[in-house]
Amino acid sequence: MEDSFDNVLDFVVGLSQPQHQFLIEQNITNESISALLDEDAVSDLFTKRAFANASIVNKMRLKAFRIWIQDKEDADIEYDIEDFTEEECNNMMKKMSRKS
């Protein structure tokens, strides 16, 4: 797993070690692969044992991270993965909550 991707998952999203390991086992090892997941894949991911006890907020944070990457890539905006900070995550979750 790439260090910057791993750091965001650790410190912004708040994944546990078993959740990290599960992502590795699923070959989700960088932001580009993460951005390829559709909503069905993410929903399926959350049904697995590693995510059974994940909080709703952590699940939302992981979704926010994926959507943030997709938005940047869809708009062809150059980005640094470390730009996804706590504040950026909260802003993205706010946007997500307004759409539902």
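The values are calculated or read from the model by the stated rules, or taken from the named source; none is laboratory data. Predicted model only: the values in this text are computed from it and were never measured. Counting neighbours? That spans all protein chains shown, and the Cβs are built from the backbone with ideal geometry, glycine included. Just so you know, the surface numbers come from the protein's heavy atoms only, side chains and all, with ligands and any DNA or RNA stripped out. Shrake-Rupley method; radii C 1.70, N 1.55, O 1.52, S 1.80 Å.
Things to note:
- Test: residue in region 13-20 that is more than 12 Å from the chain's Cα centre (by Cα), of a type in the set (A, V, I, L, M) and either in a helix (DSSP H, G or I) or surrounded by 13 or more Cβ atoms within 10 Å (Cβ to Cβ) (or both): no
One line per residue, one yes/no per condition, for (1) in contact (Cβ under 8 Å) with a residue 60 or more places away in the chain; (2) closer than 15 Å to PHE5 by Cβ; (3) open to solvent by 40 Å² or more (accessible area, probe 1.4 Å); (4) touching a Leu at 6+ places or on another chain (Cβ under 6 Å):
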| site | (1), (2), (3), (4) |
| --- | --- |
| SER55 | no, no, yes, no |
| MET60 | no, no, yes, no |
| LYS63 | no, no, yes, no |
| ALA75 | no, no, yes, no |
| ILE81 | yes, yes, no, no |
| PHE84 | yes, yes, no, no |
| ASN90 | no, no, yes, no |
| MET93 | no, no, no, no |
| SER97 | no, no, yes, no |
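- For region 21-40, a residue qualifies if it is over 13 Å from the mean Cα position of the chain (by Cα) and either of a type in the set (A, V, I, L, M, F, W, C) or open to solvent by less than 30 Å² (accessible area, probe 1.4 Å) (or both), and the qualifying residues are PHE22, ILE24.
- Qualifying residue in region 41-48 (condition: closer than 19 Å to ASN7 by Cβ, open to solvent by less than 80 Å² (accessible area, probe 1.4 Å), touching a residue at least 12 places away in the same chain (Cβ under 8 Å) and part of a helix (DSSP H, G or I)): no
- None of ILE69, ILE33 is assigned to a helix (DSSP H, G or I), of a type outside the set (Lys, Arg), closer than 18 Å to ASP3 by Cβ and out of contact with any helix residue (DSSP H, G or I) (no Cβ under 6 Å at 6 or more places or on another chain) except ILE33.
- Residue in region 56-66 that is small (Gly, Ala, Ser) and out of contact with any helix residue (DSSP H, G or I) (no Cβ under 6 Å at 6 or more places or on another chain) present: no
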